[in-house]
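Structure, as structure tokens:
The values are calculated or read from the model by the stated rules, or taken from the named source; none is laboratory data. Treat the numbers as computed from the prediction; the structure is a model and nothing was measured. For neighbour counting, all protein chains shown are included, and Cβ atoms are generated from backbone atoms with ideal geometry for every residue, glycine included.
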Amino acid sequence: MIDSSYYLPTELLIDVFLRLPVKTLIRCTSVCKSWYATIRNANFVASHFNSNGNYHQQHPHDGYLLFGGSNFCHVVCDTNFKLLHAIQTPFAVRPHRKSSLNFIGSCNGLLCLAPGLEYNLGNDVYIWNPSIRIRKKLPPSRFSDEFTDDRWIVSRLGFGFHESTNDYEVIRLIYFPEGRNFTSVDVPPLVEVYSLKTDSWRIVHTDVPPIVTQSVVTFHKGVFYWMGFKSIRDDPMENYIMSFDLDNEKFREIEQPSVDFPFSLLAVRGSSGSLYAVYSKFFGGQNDILVLWKMDEYNRGWNKAYTIQCVRGVWWTIGFTRSRKFLYANLEKKLVSFDLESLKSEVHDLGISFSRSAVDVNYMESLLLFDR
């Protein structure tokens, strides 16, 4: 090869590789040992991700959605909502009405998963890259000894990228509810954070507001956001928003917008540098109304941004796409997109079944984890 006219210098070869999609690069690793070593090198993996990230910044309409089912994840274009291809999941989820693949969060092509029961996320937590079919099981919790007795525990998880440390981290809140219906707690949750760099958990000692968080978490600009309540015994029961900042590792309660009853908080979502709180009127009815409130750029308060008339009701809110659409599923479990520019809604029958806890609106291909 060195003496042939087909020889390419290493620098030029890498430059070519950086322009190739992930699937092509995976095939290239089978050509020869030197290509295999080059593509799986940590520096190349990082360079390819940066190139891929720059592309998505310049082409925000080239986005993908990932819908998880029992045995396959389906990749869908986020502009025309056409099914592109399917990826076999690393877990065969049992056909249980509460069982799910449970996407805890996604970042830069990596997904955090906790397969099992949606409302009781256990000790089995994984980081998975669907593009390269590589998964990593996280080590046991630092609080494993706390689980040896007969107490009922409930975990709440979050996953995100910590820019200041260049690390992927998972936060876990461990609650000890008074009953199995998880309506109130008598002790603050235990808190621990996992680092992908060190492949270990560490305990975080900090004050936590007395909020019983729900399973859905949003990661936005280095901060996790949960919705929840202080006790179902509250009359009337009120929703709350709680955050955890990865930089200072502090929890705090977020003041809500001035929403009149009977609106109820359904989700907190991030989109294009902005944070939104999603409220619903007549939740579960055929004529639901969704109201999206946007946090101002200085984090001083909320402004009403969008009102969506939902003719077929709301089953679950999903989030914002790169192409500036807000997604939710109606009561017929069909996908509905609301265009933030035209203010028009469109129903999409994807022809696939998906779990409400296994949808990713920011899916992208990357080689992350390929060097491990």
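Data table
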| quantity | calculated |
| --- | --- |
| Any chance residue 324 is within 23 Å of the chain's Cα centre (by Cα), surrounded by fewer than 20 Cβ atoms within 10 Å (Cβ to Cβ) and basic (Lys, Arg) | yes |
| Failed item, numbered, when residue 203 is tested on (1) exposed (fewer than 13 other Cβ atoms within 10 Å of the Cβ); (2) more than 30 Å from residue 368 (Cβ to Cβ) | (2) |
| Test: residue in the stretch 262-273 that is closer than 23 Å to residue 343 by Cα, without any contact (Cβ under 8 Å) to a residue 60 or more places away in the chain and of a type in the set (D, E, K, R) | yes |
| Selection count, the stretch 317-327, where residues are small (Gly, Ala, Ser) and assigned to a strand (DSSP E or B) | 1 |
| Residue match in the stretch 91-102 (condition: under 25 Å from residue 138 (Cβ atoms), buried (at least 19 other Cβ atoms within 10 Å of the Cβ) and either of a type in the set (Gly, Ala, Ser) or modelled with pLDDT of 95 or more (or both)) | yes |
| Residue check for residue 285: more than 23 Å from the chain's Cα centre (by Cα), surrounded by 13 or more Cβ atoms within 10 Å (Cβ to Cβ) and small (Gly, Ala, Ser) | yes |
| Those strands (runs of 3 or more DSSP E) lying entirely in the stretch 251-316 with at least 1 residues in contact with a Cys (Cβ under 7 Å, 6 or more places away or on another chain) and within 21 Å of residue 216 (Cα to Cα) | 288-295 |
| Qualifying residues in the stretch 103-143 (those that are modelled with pLDDT under 85 and polar (S, T, N, Q)) - the one surrounded by the most Cβ atoms within 10 Å (Cβ to Cβ) | 123 |
| Counted residues, the stretch 3-49 - those being of a type outside the set (Val, Ile, Thr), closer than 14 Å to residue 366 by Cα and touching a residue at least 12 places away in the same chain (Cβ under 8 Å) | 13 |
| Among (1) farther than 30 Å from residue 18 by Cβ; (2) touching a residue at least 24 places away in the same chain (Cβ under 8 Å); (3) hydroxyl-bearing (Ser, Thr, Tyr) - the single one residue 366 does not satisfy | (1) |
| Close pairs (6 angstrom Cβ cut-off, 6 or more residues apart or separate chains): more than 18 Å from residue 271 (Cα to Cα) and touching a residue at least 24 places away in the same chain (Cβ under 8 Å) in the stretch 281-310, β-branched (Val, Ile, Thr) and in a strand (DSSP E or B) anywhere | none |
| Residue check, residue 291 aliphatic (A, V, I, L, M) and surrounded by 16 or more Cβ atoms within 10 Å (Cβ to Cβ) | yes |
| The stretch 303-314: number of residues that are surrounded by 19 or more Cβ atoms within 10 Å (Cβ to Cβ) and within 19 Å of residue 227 (Cα to Cα) | 1 |
| Conditions (1) exposed (fewer than 12 other Cβ atoms within 10 Å of the Cβ); (2) more than 18 Å from residue 332 (Cα to Cα); (3) at pLDDT below 95: number failed by residue 268 | (1) |
| Extreme residue, surrounded by the fewest Cβ atoms within 10 Å (Cβ to Cβ), among residues of the stretch 328-339 that are assigned to a strand (DSSP E or B) and of a type in the set (A, V, I, L, M, F, W, C) | 329 |
| Where a residue in the stretch 223-244 is within 17 Å of residue 258 (Cβ to Cβ) and of a type outside the set (A, V, I, L, M) and its partner, wherever it lies, is modelled with pLDDT under 95 and not in a strand (DSSP E or B), with Cβ under 8 Å and at least six apart | 236/261; 238/230; 239/256; 240/209; 240/211; 240/230; 240/256 |
